[in-house]
Each structure stands twice: as structure tokens, then as C-alpha cells.
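The values are calculated or read from the model by the stated rules, or taken from the named source; none is laboratory data. A quick note: this is a predicted structure, and the numbers were derived from the prediction, not measured. Virtual Cβ from ideal backbone geometry, glycine too; neighbours counted across all protein chains shown. These accessible areas exclude ligands, DNA and RNA; they are computed on the full protein's heavy atoms, side chains included. Shrake-Rupley method; radii C 1.70, N 1.55, O 1.52, S 1.80 Å.
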Amino acid sequence: MKKNLPVLVTTALVVGLTVSPFQKAVASDAGESTTPDHGSHAKNVIFLIPDGFSTGYADSYRHFKQEGLPVWEEKDMLRGMVATHSADSKITDSAAAGTALATGTKTNNGMLGISPEGEDLETIVDLAGQAGKKNGLVATSTINHATPAAFAASVEGRSDYEEIANQFINHESIDLLLGGGREQYLPPEEGGIREDGANLITEAEEQGFTYLETKRDLLHEEAKDDAKYLGLFADDELMPSFGINTIEPSLGQMTSFAIDHLSQADEGFFLMVEGSQIDWAGHDNDAAYAMKDTEAFEEAVALSMDFAEKDGETLIVMVGDHDTGGLSIQPDDDYNPANLHNVKATGEQMMQKVDHSFSNLEEVVTENTSMSFTEDELTTIKESDDPKLALNTIVSEKAGMAWTSTDHTAIDVPIYAYGPHAEAFNGNIDNTDVFKGIKEALIN
Ligand SMILES: [Zn+2]
């Protein structure tokens, strides 16, 4: 419940009035009490997508964080709930979900930037470019992965990474791409996997992009107004957010660079930032990975909010593209998400260190989780058809967290927003309405 509701409104809510126009009025009153009123036009939009994040993650991350609230709660950004189904399935994949968020049109699972009938769809990046704005995409997966690709590529199959890279570097409205996936831009003889033999890093440089390859490159680059940037910091995806990686930048560092660069544009900018691996953690039922990557994502949200609060003309929107894993929590004194703070690796990384006879299993899992395991638990892991999943399930239980799926689910996801036009996201809305709200705010 938001603060400072007028007395009449509060009373009406208590007696359970459910007339929807009235609820809209309640919601927008509440919005105006926490968001500065700069009219409904936003010069800039920062669209933050924690892939796979829904209410189970929001609740467990609050328990995990211990000190203070997540920035989206501290700043009272919660607006409503978003339905995520695709054109052909109650459970969406990230390609159809990204397409709905980027274009306002539902498509079939697996399809990117095109309608179920095969028509190319105009994205928010196209529209922002036509309005003279700069555009950037940032992700911790390969930059050609489904969610970022939905904003600037049209392909029938989401795994056509070579074509997505082609479309990205030849896109007239893309000014910045930061993430992983270097091998998708290079031919085999230069360490890549492109079957067409092209070197897209060289081609991107010919198209005016400055290429960044390391964290050092990124941190030392003075973002120039007239430059375009292609930053590929790993052959494949970036590392999960455990500990300090000296070679790759964090999501926060990439977001900070993107804002510094794009905010030099006179006409404003659109920036999409994806916490890509929260979804992968969900698929693996890996609670520690989910919390650590949400923590890394929160840094990007906090930096974006700092910019938006100072700037006053920036709309921030944060929403997962769908739920992954059906996470639930039952924390008590012994079992709490905060127990995950000392976990040092993903379940996958731990199982890679375990030998085939499981002789070092106890040593590896104890060392990497700072948790103790019973003989029964160790036996369960050893005898499982999927030892990684068995380990992750047990570690999740020790944190009071439980999963109902290793895939996406059909439950609604919470949407958070701040700044001009944030009230467009109030109530129960569809994922195509997210595009519409951003378009109304950014383009006029
Ligand atoms: Zn997924």
C-alpha cells in the first residue's frame, strides 16, 4: 500500500470497492505521491529486464539482502502485474516475450521481431531512432541472445545468431551493444564460430563502431558523443556474478558506461539492460545463482535510478519477461535465503569439480557453499540422474526456497516504474501494454 492516500480513497479500499475506473484513480493518486511530476513525456527510457524474475524472486531477494530494501522497494516503484503468454502458448519463451515487450505484438515462441504471419515488426529501437534518439542494448548473456535480439533483429528462429549479429551491426538506430558473444562475430580462424567466415568486428568498425574487448577497455574509454560502441567481453556469455572477475565488466559497469555515453544525445535515448542469467539460475533451480545475479542486476537498477532522479526526464521501467522455475519461499530461523551469502559458485561449476566416482563431493560442496550436508543428502546427489539439479534442490532447501519447475511458468510478473508516465504501468496489464506505455512516454 502506498503512503498518503486521501482518506476517502483509503476508506473505499477498506470496504472492498472494486470498480476499475476508481481503482485507476487510486493508483494514479498514489503514483503522484512518490513520483516527481514532469508531465507524461520522457526524454529517455531505461528498460531493465531481469529475465525470469517474478514475485518469488522479489520476496526471496528481500530476505537475502538483509540490510536495507532492494532499490525497487526502497523507491516504491511497484506498479502492477504483467501477463506474459505468447501468441501460441500460455507459457512464453524469451523470444516471444522480448518481441511483445519490444514491439507490442505477441508472436509465437521462438520467433524474434516478426509476427506469427511472418511480417517484420517495428521495435521501440526503430521508433526511438526515427525520433532522433540514441539506442543501446546491454546484457550478461551473449548480446545476440533472445531478449536483446528482440529489440533490433527480425529472425524466424531465435538461434540464428549469425544473422542477428549481421542485423545488429547494420542497424541504423543502434549506437551501443555491450555483452558477451564474441565468437558469434568472428570466423573460426580468429577464434569464432561463424560459418559464413565473416569478421563482424571488422565490419562493425567499418560501420563506425569502436570495439571494446575487456573490462579495462570499457573502464578507460571516455565515452564520446559521436561514437558507437560494440563491447564483446567474453567468447560466449559473461561469467555468473560470483566474486570478482578481473577480465569481464559487471552489469553495473556496463550500464554506467551506457548511460554516460547515451545521455550525451541531445534528443534523448532508449537503453535496454538485461540481467540475463537470473533465468538460467531458475532453469537450474540454483537459488544462490539466482540471488547473486539479482544482486548484480540491482546495481544496474540503482545506477539507473540515480541518473533518473537527477535528470528528471527519464522513465525507468523494470519487468521480467516471464517467471522461471516457480520459486517459492518458506523461510524460518534455520532456513533463510540469507544462508546463500557464502555460496561461491553455481551448482554447475561445483559439479564440474566433482570427480566421476563422487569421491570429493562432500569436500567440493562444503567448501563452495559453507553449508554442511548429511550422508542422506550426499547419497541423494550421487544417486540422482541429474546430480547438479539434486545439489541445487538441496542448497535451495537449506535457504528455505523451493521450485516447482525447471522451465518458465505462466504466472504474472511484477512491473516496477519511476518517472514521467510511470502510471501507464498500473494495475493488471499485458506484456504488449509495456511497449505501449514506453512508446507513449518516449515518442511524440
Ligand atoms: Zn528461460
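Given 37 °C and 0.692 mPa s, how large is the Stokes-Einstein diffusion coefficient of the range 286-444 in µm²/s, with Rh as the Kirkwood radius over Cα pairs? Reported coefficient: 180 µm²/s.
When the Gaussian network model of the chain links Cα atoms closer than 10 Å, the mean-square fluctuations of 352, 253, 264 top out at 352.
Based on the convex hull around the alpha carbon atoms, the range 328-402 presents an average projected area of 4.7 nm². Rounded to the nearest 500, the 222 nm mean residue ellipticity of the chain from helices alone is -11500 deg cm²/dmol, with -39,500 (n - 2.57) taken per DSSP H run of at least 4 residues.
Here the 3J(HN,Hα) profile of the range 406-416, calculated from phi with Karplus coefficients 6.51, -1.76 and 1.60 at θ = phi - 60°, is 10, 10, 6, 10, 9, 6, 5, 10, x, 10, 10 Hz, Gly and Pro shown as x. In the chain, the inverse of the mean reciprocal separation of distinct Cα atoms equals 22.5 Å; this is its Kirkwood hydrodynamic radius. Ranked by solvent-accessible area (1.4 Å probe, protein heavy atoms only, all chains present), the residues 370, 241 order from largest to smallest as 370, 241. The convex hull around the C-alpha trace of the range 42-176, projected and averaged over every direction, spans 9.3 square nanometres. Each Lys and Arg contributes +1 and each Asp and Glu -1, all at the Cβ; summed about the Cα centre of the range 328-402, the dipole is approximately 320 debye. Quarter the surface of the alpha carbon convex hull of the range 151-270 and you get the mean projected area, 7.9 square nanometres. Here the Karplus curve 6.51 cos²θ - 1.76 cosθ + 1.60, taken at θ = phi - 60°, turns the phi angles of the range 282-294 into couplings of x, 4, 8, 6, 9, 5, 5, 4, 4, 6, 5, 6, 5 Hz, with x standing for Gly and Pro. Comparing 68, 104, 113 in a Gaussian network model of the chain where C-alpha atoms under 10 Å apart are linked, the largest mean-square fluctuation is found at 68.
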